[in-house]
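Quick notes on the structure that follows.
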Amino acid sequence: MSDIWRRSSNILFLIFVTALLWMIFGAVKALIFFSVVMLWVVFHHIRHLVLLERWLQLSDHSPASIPAGSGAWDDVYAHLARYVRGHSQSQERLSIALKRMQSVTSAMPDGIVILDMSDRIEWCNTVAEKHLGINLALDVGQQITYLVRQVPFVEYLAARQYTNPLILNQIRLYGLIVSLQLVPYGYNQKLLISRDITRFEKIETMRRDFIANVSHELRTPLTVISGFLETLSADDNVNSGFNKRALVLMTEQTTRMQRLIEDLLILSRLENEQNKISEKTVNVVSLAQDLLQDAESLSTGRHQIKLTIASQDQLLGSEEELRSAFGNLISNAIRYTPDGGEINISWEKHHDQGLFVVQDSGIGIELEHIPRLTERFYRIDSSRSRETGGTGLGLAIVKHVLNRHEARLEITSQVGKGSRFNIWFPAKRLIPGNA
Ligand code: ADP
């Protein structure tokens, strides 16, 4: 309010002086005086507006460059100077924070790229430049897919499901293998984190190759030994009790080793990424019927085995792999269910998903073991596993097969009552059968 009165007092004083002149010198002289003063006021404001506009056009908006004003403009410029000072201080604080962030991220062993809502590069650190073959100075504002053109990366970005990282082989960057993880943040922005896993992947490949080679090399000598053992067992001249017992034991152990080697080879094949899954139509109904026959011969009448077919849907995938996964679950159900127990196998459709179930009334599994069952050689009771012909690799094989079929394993169990293994297949893998 005080400002309005201060500014209005000048006009009131002018009107008062004009009125006084009017009374003394007459209307004409008073109006001339009023017009001259008004013209001077207008000129004063136009001059300051021009000065302000020139200042706004300057590239350097430092407080020192603000023009000096008089009258009301003095206050305006003083406010402007205060605002500019505050603004440049906060800008300085921001740039210090940004520099600190950049030096922290530059020191990180991981690459970091900031992408805007249209997947254009806003910023990246030097590690990311090396991992992805980009150059920030030249590529800022570029679409990331123009620079990292590999199809898996383009698909990963488009899929908008970033729970798992993507492993990318950067062949053009000296065979670098990087793991890429996208993290959405803010308003549709993304952080792309890259990690060099070349060494880890090389060791992993060496491990896989080693197991595959050793298993393969052991297969032939074992076949020879088992052949001779078979011949010797059939030989009537082996008449000593000790020799007969030794032959039985040797045959049993050789068979166990052969089973172990077969399972290790299956796992190596499943792990090998170059071994692409064969996408064929699998008739689950006839596969389940075959498996029921196998189960009955394995159980030799010791269990009640029931098969329920509630869907004629077929599956897209590899029959050999699915046979091995389902077969492992069924053989486990038989091996871990005491004589007289029940085993139910079923194939059904639930909310567009395929569901294969193997349920038994066996010994059950304690809750704490369930998350670790699919690890290689994880056994709850090793002697029971061995006695019943287990290798400790069955559920690891199941897990790999299911991963390759984008399926999910669900295990529920109660000790002493039995276990239920549910395999859920996504709707995209189901092929409607003739009902
Ligand atoms: P194994 O050859 O030892 O059976 P698996 O990988 O098939 O190896 O299974 C791992 C472990 O999980 C088994 O040793 C067993 O302890 C437990 N298991 C698997 N299936 C069942 C089941 N149906 N009932 C109870 N325990 C089971």
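Quick look at the values:
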item: Approximate spin-label separation Ile225-Ala427, in nm, with each point projected 7 Å along Cα-to-Cβ; result: 5.3
item: The chain: relative contact order as a whole-number percent, Cα under 8 Å and 6+ apart; result: 9
item: Dipole magnitude (debye, nearest 20) for the stretch 201-271, charges at Cβ of Lys, Arg, Asp, Glu; result: 140
item: FRET efficiency for Ala107 and Leu191, using Cβ-Cβ distance with R0 set to 22 Å, rounded to 0.05; result: 0.85
item: Linear extension gain, His45 paired with Phe25, 0.36 nm per residue minus alpha-carbon span; result: 4.3 nm
item: Selected from Ser268, Ser59, Ser324 as most flexible by GNM, with the chain as the system and alpha-carbon contacts under 10 Å; result: Ser59
item: Unsatisfied cross-links (Cα-Cα over 28 Å) in the set Lys280/Lys349; Lys349/Lys417; Lys190/Lys399; Lys202/Lys428; result: Lys190/Lys399; Lys202/Lys428
item: Percentage relative contact order, the stretch 280-431, counting C-alpha pairs under 8 Å, at least six apart; result: 26
item: Percent RCO, i.e. relative contact order, over the stretch 2-96, from Cα pairs under 8 Å lying at least 6 residues apart; result: 16
item: At q = 0.11, 0.13 Å⁻¹, base-10 log of I(q)/I(0) for the chain (Debye sum, equal scatterers on each alpha carbon); result: -1.05, -1.24
item: Most to least accessible of Tyr162, Tyr187 (protein chains only, probe 1.4 Å); result: Tyr187, Tyr162
item: Inverse of mean 1/r across different Cα pairs in the stretch 148-282, Kirkwood, Å; result: 19.6
item: Where the chain is the region considered: accessible area per residue in Å², 1.4 Å probe; result: 62
item: Degrees, to the nearest 10: 198-234 long Cα axis against longest axis of the chain; result: 10
item: Net lengthening on full extension, Tyr146/Ser383 (0.36 nm per residue, minus Cα-Cα); result: 79.6 nm
item: Neighbour net charge for Ala295 - beta-carbon separation under 14 angstrom, K R +1, D E -1; result: -1
item: Sites Glu296 and His350 - FRET efficiency at Förster radius 30 Å, r taken between beta-carbons, to 0.05; result: 0.65
item: The chain - share of DSSP beta bridges that are antiparallel (%, nearest 5); result: 90
item: The chain: angle of helix 27-57 to the longest principal axis, Cα-based, in degrees nearest 10; result: 30
item: Mean Cβ neighbour count within 10 Å, used as a protection proxy, ranking 255-265, 65-75 highest first; result: 255-265, 65-75
item: Fluctuation leader among Gly390, Gly86, Gly362 - the chain, Gaussian network, Cα springs under 10 angstrom; result: Gly86
item: Translational D in µm²/s for the stretch 2-96 (Stokes-Einstein at 4 °C, 1.567 mPa s, Kirkwood Rh from C-alpha pairs); result: 80
item: DSSP beta bridge pairing in the stretch 278-435, given as percent antiparallel to the nearest 5; result: 80
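The values are calculated or read from the model by the stated rules, or taken from the named source; none is laboratory data. What you are looking at is a predicted structure, and each value in this text was computed from that prediction instead of being measured. Quick reminder, even Gly has a Cβ in these numbers, built from the backbone with ideal geometry, and neighbours come from all protein chains shown. Calculation scope for accessible area: heavy atoms of the full protein, side chains included, ligands and nucleic acids excluded. Shrake-Rupley method; radii C 1.70, N 1.55, O 1.52, S 1.80 Å.
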